[in-house]
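The values are calculated or read from the model by the stated rules, or taken from the named source; none is laboratory data. Here the structure is a predicted model, which is why all the values come from computation and not from measurement. No Cβ is skipped: glycine too gets one built from the backbone with ideal geometry, and neighbour counts run over all protein chains shown. Surface accessibility is based on the protein's heavy atoms, side chains included, excluding ligands, DNA and RNA. Shrake-Rupley method; radii C 1.70, N 1.55, O 1.52, S 1.80 Å.
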Amino acid sequence: MKRVFLIVLDSFGIGEMPDAEAYGDINVNTLRSVSKSPYFHMEHMRDMGLFQIDGVGVGEKTEHPTAAYARMTERSRGKDTTIGHWEIAGIYSPKPLPTYPNGFPEEVLEEFRLRTGRDILCNKPYSGTQVIADYGDEHVRTGKLIVYTSADSVFQIAAHEDVVPVEQLYDYCRIARQILQGEHGVGRVIARPYVGKRRGEFVRTSNRHDYALKPTGLTALNALKDAGYSCISVGKIYDIFDSEGLTESNKSQSSVHGMEQTIDIAGRDFKGLCFTNLVDFDALWGHRRNPIGYGEEIERFDIKLGELLNVLRRNDLLILTADHGNDPTYTGTDHTRETVPMIAYSPSMKASGILKERDAFHNFAVLGATIT
């Protein structure tokens, strides 16, 4: 193989893990829930073998799957994007990243106030759109920063672009990232700028920026880069790995755009890895508990997948997987602790079908090991 295309369908879980109940997740299954959407259609994923995976229980099987496939289990403790991607790249995380269902402790906020010179509003888990509706006017009036979190391991700062210029907001996020280490080492600090004149008109802009926790060790990305291979990222990969091990990064405007970027990269000559994250499944539909929208997003992805399959070269390997679940019909807005699919295809493959656990395809880290 000369090139590998690794695509993560962010949150596309296929059923609860054995320890899911310990994470508060009972009878969760993202694929099963999304399959009930009237827009659910995965022709190419079906042909590759998605619905053949043991226990999937939905969708129409195909007599002659074109790819190898398996169900994968996360060994690390957690159910978030950072830990899932890190394990794919070879890092085992024995502890989940910290979350703050009751807001951040005063010791963190006091240092943040001192170093930024600004007071804060909110300090609760909140929807990103609702928080600017509820606190946006007060922020504009007082200049206080809107600090909030979610069920994920994140410290988010929302600010109006006319009150806090975007570059200044980024500086505040860098300060927060320096503070949030060790015990309070959240996975991401996120800048959430918005615009608008008043409540009801506030909208978030595309100037979001993530400041990730550095990986706790070397990854498959480092190994590839150090060996002289290209390691190209599309979407959130740059943020998730804090640029570690990458030779090129491409920011995506949407999951469809991310697939278009991946297709364009497939038309180039390089030797190495193209690592793509498609975040809209998670951010737009899973967290917002919208199975209908999730189904529409799946259909859009599957169409682009067909375009990618048409441009793959004989010595290319395509791997499709996920990093956790986010059942859009489950309670709350949190990720769900689920197994994920692994589908591997190359135009040069001579065999297809299920990869049993004896072949070692059961922990996420096998993907990074296989690629290297």
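Which pairs break 32 Å Cα to Cα here: Lys61/Lys214; Lys124/Lys236; Lys95/Lys271; Lys61/Lys350?
Lys61/Lys214; Lys95/Lys271
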Legend entry - region 37-43 - phi-based ³J(HN,Hα) in whole Hz, Karplus 6.51/-1.76/1.60, Gly and Pro as x: 5, x, 9, 5, 7, 9, 4
Legend entry - Extension gain from Asp54 to Ser127, taking 0.36 nm per residue of separation minus the Cα-Cα distance: 22.7 nm
Legend entry - For region 260-372, with +1 on Lys and Arg beta carbons and -1 on Asp and Glu, the positive-most of Pro291, Leu317, Leu278 along the dipole: Leu317
Legend entry - Dipole magnitude (debye, nearest 20) for the chain, charges at Cβ of Lys, Arg, Asp, Glu: 440 debye
Inset, instruction - Can you find, among Val189, Thr219, Ala159, the residue farthest towards the positive end of the dipole of region 117-269? Put +1 on the C-beta of Lys and Arg, -1 on that of Asp and Glu. - result: Ala159
Legend entry - For region 7-12, 3J(HN,Hα) per residue [Karplus equation, 6.51 cos²θ - 1.76 cosθ + 1.60, θ = phi - 60°, Hz, x = Gly/Pro]: 10, 9, 7, 4, 5, 7
Inset, instruction - Identify which of Val108, Val56, Val279 has the largest mean-square fluctuation in a Gaussian network model of the chain, with springs joining Cα atoms closer than 10 Å. - result: Val108
Legend entry - Accessible area of region 279-326 divided out per residue, in Å², using a probe of 1.4 angstrom: 34 Å²
Legend entry - Under Karplus coefficients 6.51, -1.76 and 1.60, residue-wise ³J(HN,Hα) of region 102-119 in Hz, glycine/proline x: 10, x, 7, x, 4, 4, 6, 5, 4, 5, 4, 4, 4, 7, 9, x, 10, 7
Inset, instruction - Whenever you get a sec, compute what percent of the accessible area on the chain sits on carbon and sulfur atoms (1.4 Å probe). - result: 48 percent
Inset, instruction - State in Å² the accessible area per residue of region 1-97; use a 1.4 Å probe, count heavy atoms of protein chains only, and round to the nearest integer. - result: 40 Å²
Legend entry - Loop sites in region 1-37: trypsin sites (Lys or Arg not before Pro), DSSP, at most 10 other Cβ within 10 Å: none
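So if I place +1 on the C-beta of Lys and Arg and -1 on the C-beta of Asp and Glu, and nothing else carries charge, what would the dipole magnitude of region 155-286 be about its Cα centre? I want it in debye, nearest 20.
Dipole about the Cα centre, nearest 20: 280 debye.
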Inset, instruction - Taking H placed 1.01 Å from N in the peptide plane, check which residues at least 5 places from Asn250 or on another chain put their amide H under 5 Å from its amide H. - result: Ser233, Val234, Gly235
Inset, instruction - Taking 7 Å along the Cα-to-C-beta vector as the label spot, tell me the Lys36-Arg288 distance in nanometres, rounded to one decimal. - result: 2.0 nm
Inset, instruction - Calculate the spin-label point distance for Asn310 paired with Asp269, positioning each point 7 Å from the Cα along the beta-carbon direction, and give it in nanometres. - result: 2.4 nm
Inset, instruction - Quick one: which residues, 5 or more positions from Val4 or on another chain, have an amide H under 5 Å from its amide H? H modelled 1.01 Å from N in the peptide plane, none for Pro or chain starts. - result: Gly272, Leu273, Cys274, Leu317
Legend entry - Nonlocal amide H pairs with Asp334, under 5 Å, H built at 1.01 Å: none
Inset, instruction - Using a 10 Å cut-off on Cβ atoms, rank the peptides 206-215, 150-159 from the highest mean neighbour count down. - result: 150-159, 206-215
Inset, instruction - Over region 282-335, calculate the relative contact order: mean separation of alpha carbon pairs under 8 Å at least 6 apart, over the residue count, as a percent. - result: 59 percent
Legend entry - All Cα pairs of the chain, percent lying beyond 41 Å: 12 percent
